[in-house]
Amino acid sequence: LLGECHLPRHGHAPGAPPRKTSPLTGFSDALYCTILGQLEQACNGNPAMLGISVGTMYALKGQAQILMAMQDGEALAVGPTFDYVAPENRG
């Protein structure tokens, strides 16, 4: 499942190599951003969203564990990138 897609170096040290990704990386990033939105709602007048966000956190945990179990040809693991995904792109 590892692809040759490389993410940009946003927030990385100068000269750092681009990160290898999997198609699941984008899904994990979308889940992460969904959690942030749910927590924002919970803190801004909708406390029921806190419980919902915990369920989403467990979904992200499962995706992260799948990603970290993968290895590329150099025996390096893949993990969530925690990149921002706009709400309209979260699917």
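The values are calculated or read from the model by the stated rules, or taken from the named source; none is laboratory data. All values derive from a computational prediction rather than experimental measurement. Heads up, the Cβs are rebuilt from the backbone with ideal geometry, glycines too, and the neighbour counts pull from every protein chain shown. Surface areas here come from the heavy atoms of the whole protein model, side chains and all, with no ligands, DNA or RNA. Shrake-Rupley method; radii C 1.70, N 1.55, O 1.52, S 1.80 Å.
Quick notes on this structure:
- Residues in segment 39-60 reached by a label modelled at Ala77 [backbone nitrogen below 17 Å; 7 Å Cα→Cβ]: 60
- Computed from label points 7 Å out along Cα-Cβ, the spacing between Asn44 and Met70 is 3.3 nm.
- Per-atom-type breakdown for segment 24-91 gives carbon and sulfur 61% of the accessible area (1.4 Å probe, protein chains only).
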